[in-house]
Every structure is written in C-alpha cells, then in structure tokens.
Amino acid sequence: MNPLIRVIPAFLVRFFASPYVAGDSLGKAIEVVQKLQRERGLLATLDLLAEDIRTDEQARQNLDAYLQMVDAAAAIPAAARPTLSLKPSSYTTKPLQHGGDAAGSREAMFAIARKAKQHGVAVSIDMESRHWTDFTLETLRQMHAEGLTHVGAVLQTRMNRTERDLESLPKGCRVRLVIGIYREPAEVALTDKPAMKERMLVYAERLLQRGHYVEFASHDDSYVRRFVEQVVPKTGVGRDRFEVQMLYGVPRERFLADLRRQGIVARLYVPFALGWDMAIQYLRRRLDEYPAMVWLVTKNMFLRR
Ligand SMILES: Cc1cc2nc3c(=O)[nH]c(=O)nc-3n(C[C@H](O)[C@H](O)[C@H](O)COP(=O)(O)OP(=O)(O)OC[C@H]3O[C@@H](n4cnc5c(N)ncnc54)[C@H](O)[C@@H]3O)c2cc1C
C-alpha cells in the first residue's frame with residue numbers, strides 16, 4: 001500500500017471512501033439492497049466490513065453478524081435475494097499473513113455456509129492476500145465435499161498460480177473472477193494491470209468451458225464488453241451461466257443499465273459496517289487503488305452546495 005495512504009487519519013479515510021459503504025447497520029444495508037433491485041434491477045452481494053480482528057470477542061461478533069445476515073437475506077424473495085460475501089480473516093485473531101494459523105476461521109465459515117444452505121442463501125468466499133489462497137481453496141473444496149455447493153470461489157488473475165488453481169476447483173462451482181486488489185510481489189504475480197485483465201478474458205473462457213458459473217467482476221467497460229460480446233458467444237453458453245459484478249459506489253449507472261437492457265444479470269458488491277474502525281482497512285485499500293476518489297468526493301461535495 002502507498003505509505004501516504006497508510007498515514008491518512010482514519011476520519012479522512014472514512015470521509016473520502018464513504019460512497020463505497022452502504023451504512024453502519026444491517027438494516028441500512030438491506031434497504032440499499034432492496035432499492036438497487038427496485039430502482040435499477042440490480043442484484044447484490046452483502047459484505048460485512050470486518051478486517052484486522054484483534055479480539056476473540058470481535059471474531060465472535062462477526063460470526064453472529066453473518067448468521068443474522070443469512071436471516072435477513074432469506075427474508076427477501078428468491079428472485080431478488082442477495083448473496084453473502086465473507087472473508088476468512090474476519091473470524092480469527094491469528095491471521096495467516098502474520099504467521100498465525102487462522103484458528104476459528106474455518107469453523108466459522110462452515111457454520112455460516114451450513115445455515116445459509118438451510119435458508120437458500122448463496123455465499124462467496126472472498127479471496128484475500130496470497131497467504132490465504134491455499135487455506136481458502138482448501139476450505140472451499142471441503143465445503144463442496146460436504147454438499148455445500150452453494151458456496152462460490154474468487155480467483156485473482158494477477159496471481160501466477162491461478163491457472164493451476166482453476167483446474168482444481170470443485171466441479172461446476174460459482175467463480176468470481178477479479179484482477180485482485182492486494183499488491184503481490186513480482187515472483188508470484190503480474191504487476192501490469194492490462195495483462196491481468198487480458199488474463200480475465202482467457203480464464204473466463206476456460207471457466208465457462210469447464211462448466212462453471214462465471215461472475216465477471218470489473219469496472220473496466222472495455223473488458224466487460226469483450227467478455228460479453230466475444231468470450232461468451234465463443235463458448236456458446238446462455239445468459240444463465242454468467243453475470244457481471246461491480247462495487248457499490250463506483251459510478252457505472254449507465255453501463256449497468258445497458259447490460260440490464262440486454263438481459264444480462266448484474267450484481268453489486270455492497271459492503272456495510274457495524275463500526276467504522278472495522279471498515280477502515282477496506283476503505284484504505286479502495287483509496288490506494290483509486291486515489292482519484294479524493295477529488296471525485298470533494299467535487300461532489302461542492303456541487304451539492
Ligand atoms: C464485485 C467485486 C468483488 C471483488 N472481490 C475481490 C476479492 O474477493 N479479492 C480481491 O482481491 N479483489 C476483489 N475485487 C477487486 C478487484 O480485484 C479489483 O481490484 C477491482 O475490481 C479493480 O479492478 P478493475 O478490473 O475494475 O479495473 P480498474 O482498472 O481498477 O478500474 C477500471 C476503471 O473503473 C473505475 N474505477 C475503478 N475503481 C474505482 C473506484 N474505486 N472509484 C471510482 N472509479 C473506479 C476507473 O474509471 C477505472 O479506470 C472485487 C471487485 C469487484 C467488482
């Protein structure tokens with residue numbers, strides 16, 4: 001992460017990155033999810049911002065929150081029901097990137113996945129930094145072996161290992177394809193963005209051919225178009241085998257409306273927080289990735305006046 005972004009005070013990070021967060025309660029996030037569906041025909045995946053866990057109490061609260069999110073999602077009719085996205089690091093005070101053993105994380109994810117299955121709610125396991133890749137994919141395989149086939153994966157095209165990982169995914173599982181937001185060293189990953197995006201097209205084609213449901217997650221209109229207009233037709237799959245995903249808060253209204261007019265499923269990743277301190281890591285990453293946000297938010301503030 002850019003050292004400058006790391007030292008911006010938390011209150012400023014919160015201010016500049018707030019358009020990316022749906023609110024500070026589950027109720028507010030559900031309102032956003034329903035509004036997106038009602039007014040723009042968009043589906044959602046709900047994510048509780050909960051990183052950098054310091055106490056067992058926080059880890060337990062995150063698990064409880066996700067169990068409540070299952071109930072809230074299940075209360076929405078199936079056609080408009082949000083999926084849930086979760087991060088393995090949210091349930092442990094011993095994160096792998098700091099040499100820990102992720103104690104408690106796998107058990108918590110299983111508890112959420114089992115309850116979600118009972119209630120007809122789909123779940124995706126976000127992919128975190130390279131320290132988590134083996135753990136995450138292994139957990140996913142164990143879940144599918146237990147019949148928890150409603151749990152989907154995320155693959156990051158920047159990682160060189162992804163070509164191999166793609167071959168070892170559970171048969172037919174849902175896969176969100178992203179370039180990856182974590183900066184990884186050149187020994188294990190691409191550092192050139194256009195190359196990561198070209199890989200998205202190549203891997204999307206491979207995944208569709210292997211019978212996976214593909215969630216193409218990018219804000220780059222030109223690559224989304226190439227996916228929809230070139231890759232999908234080449235594989236001959238129908239519109240029920242893929243969707244396009246973007247982050248809540250990134251201004252893509254017209255483009256998404258255009259996709260919806262073509263009958264393409266589009267879903268927004270909708271993060272919410274229960275405490276702003278928990279959201280700060282996520283927000284710093286967004287700022288690091290897209291510093292121009294500072295100017296956009298400032299401009300909007302003056303325009304509103
Ligand atoms: C639904 C979803 C889920 C994701 N899940 C994961 C995950 O589990 N693990 C992971 O590592 N990464 C995840 N990511 C992040 C992803 O890896 C990329 O970092 C992110 O999508 C940016 O890449 P891009 O393809 O949109 O291309 P970019 O080149 O970054 O973006 C294309 C264009 O979109 C606009 N844009 C992009 N970001 C912003 C912004 N923040 N504000 C305003 N405009 C912006 C800009 O105009 C930019 O030129 C996810 C992304 C999405 C959309």
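For the range 118-135, name all the residues that are in contact with a helix residue (DSSP H, G or I) (Cβ under 8 Å, 6 or more places away or on another chain) and closer than 19 Å to L190 by Cβ.
M127, E128, S129, H131, W132, T133
List the number of the failed condition for K193; all other conditions in (1) within 20 Å of the chain's Cα centre (by Cα); (2) touching a residue at least 24 places away in the same chain (Cβ under 8 Å) hold.
Among (1) within 20 Å of the chain's Cα centre (by Cα); (2) touching a residue at least 24 places away in the same chain (Cβ under 8 Å), K193 violates only (2).
Among the residues of the range 65-82, are any farther than 30 Å from D240 by Cβ, modelled with pLDDT under 95 and not aromatic (F, W, Y)?
Within the range 65-82, not a single residue is farther than 30 Å from D240 by Cβ, modelled with pLDDT under 95 and not aromatic (F, W, Y).
Mind listing whichever residues of the range 97-153 are of a type in the set (D, E, K, R) and more than 17 Å from L169 (Cβ to Cβ)?
Listed by number, the residues that qualify are D101, R106, E107, R114, K115, K117, E128, R130.
Filter the range 101-159 for residues that are among the basic types (K, R) and more than 19 Å from F216 (Cα to Cα) and give the result.
Residues satisfying the conditions are R106, R114, K115, K117, R130, R141.
Would you check if there is a residue in the range 198-208 being assigned to a helix (DSSP H, G or I), within 10 Å of the ligand (Cβ to nearest atom), modelled with pLDDT of 95 or more and touching a Leu at 6+ places or on another chain (Cβ under 6 Å)?
yes
Among the residues of the range 216-225, which ones are within 12 Å of the ligand (Cβ to nearest atom) and assigned to a helix (DSSP H, G or I)?
Correct list: D221, S222, Y223, V224.
Within 20 Å of the chain's Cα centre (by Cα) and modelled with pLDDT under 95: does that describe Y182?
Yes; evaluated as a whole, the condition is true for this residue.
Please go through the range 34-62 and pick out each residue that is surrounded by 21 or more Cβ atoms within 10 Å (Cβ to Cβ) and in contact with a helix residue (DSSP H, G or I) (Cβ under 8 Å, 6 or more places away or on another chain).
Across the range 34-62, the qualifying residues are L42, A44, L46, L48, L49, A50, I53, A59, N62.
Cβ-Cβ distance below 6 Å, separation of 6 or more or different chains: which pairs start in the range 114-127 with a residue that is touching a residue at least 60 places away in the same chain (Cβ under 8 Å) and crowded, with 24+ Cβ neighbours inside 10 Å and end on one that is part of a loop (DSSP other than H, G, I, E, B) and among the polar types (S, T, N, Q)?
From the range 114-127, no pairs qualify.
Yes/no per residue for (1) touching a Cys at 6+ places or on another chain (Cβ under 8 Å); (2) near the ligand (Cβ under 9 Å from one of its atoms); (3) aliphatic (A, V, I, L, M):
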{"site": "K234", "(1), (2), (3)": "no, no, no"}
{"site": "R239", "(1), (2), (3)": "no, no, no"}
{"site": "V250", "(1), (2), (3)": "no, yes, yes"}
{"site": "L256", "(1), (2), (3)": "no, no, yes"}
{"site": "A266", "(1), (2), (3)": "no, no, yes"}
{"site": "D277", "(1), (2), (3)": "no, no, no"}
{"site": "R285", "(1), (2), (3)": "no, yes, no"}
{"site": "D288", "(1), (2), (3)": "no, no, no"}
{"site": "A292", "(1), (2), (3)": "no, yes, yes"}
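Out of the residues in the range 160-188 that are more than 11 Å from the ligand (Cβ to nearest atom) and farther than 19 Å from I125 by Cα, state the one that is surrounded by the fewest Cβ atoms within 10 Å (Cβ to Cβ).
E187
Go over the candidates R199, R226, R239 one by one and state the one that is over 26 Å from P19 (Cβ atoms), surrounded by fewer than 17 Cβ atoms within 10 Å (Cβ to Cβ) and in contact (Cβ under 8 Å) with a residue 12 or more places away in the chain.
Result: R239 is the single residue among R199, R226, R239 that is over 26 Å from P19 (Cβ atoms), surrounded by fewer than 17 Cβ atoms within 10 Å (Cβ to Cβ) and in contact (Cβ under 8 Å) with a residue 12 or more places away in the chain.
Taking the stated definitions as given, is Y213 closer than 30 Å to E31 by Cα, in contact (Cβ under 8 Å) with a residue 60 or more places away in the chain and more than 10 Å from the ligand (Cβ to nearest atom)?
So Y213 passes the test.
Kindly check whether there is at least one residue in the range 99-113 that is among the polar types (S, T, N, Q), within 16 Å of the ligand (Cβ to nearest atom) and within 17 Å of the chain's Cα centre (by Cα).
no
Just the residues that are in contact (Cβ under 8 Å) with a residue 60 or more places away in the chain and under 23 Å from R54 (Cβ atoms), please, taken from the range 71-92. Talk me through it step by step, then tell me what you get.
Going residue by residue through the range 71-92, those that are in contact (Cβ under 8 Å) with a residue 60 or more places away in the chain are 82-83, 85.
S85 - this is the single residue of the range 71-92 that is in contact (Cβ under 8 Å) with a residue 60 or more places away in the chain and under 23 Å from R54 (Cβ atoms).
State whether one or more residues within the range 26-49 are within 16 Å of the ligand (Cβ to nearest atom) and acidic (D, E).
yes
The values are calculated or read from the model by the stated rules, or taken from the named source; none is laboratory data. Predicted model only: the values in this text are computed from it and were never measured. Backbone-built Cβ (ideal geometry, glycine too); neighbour counts: all protein chains shown.
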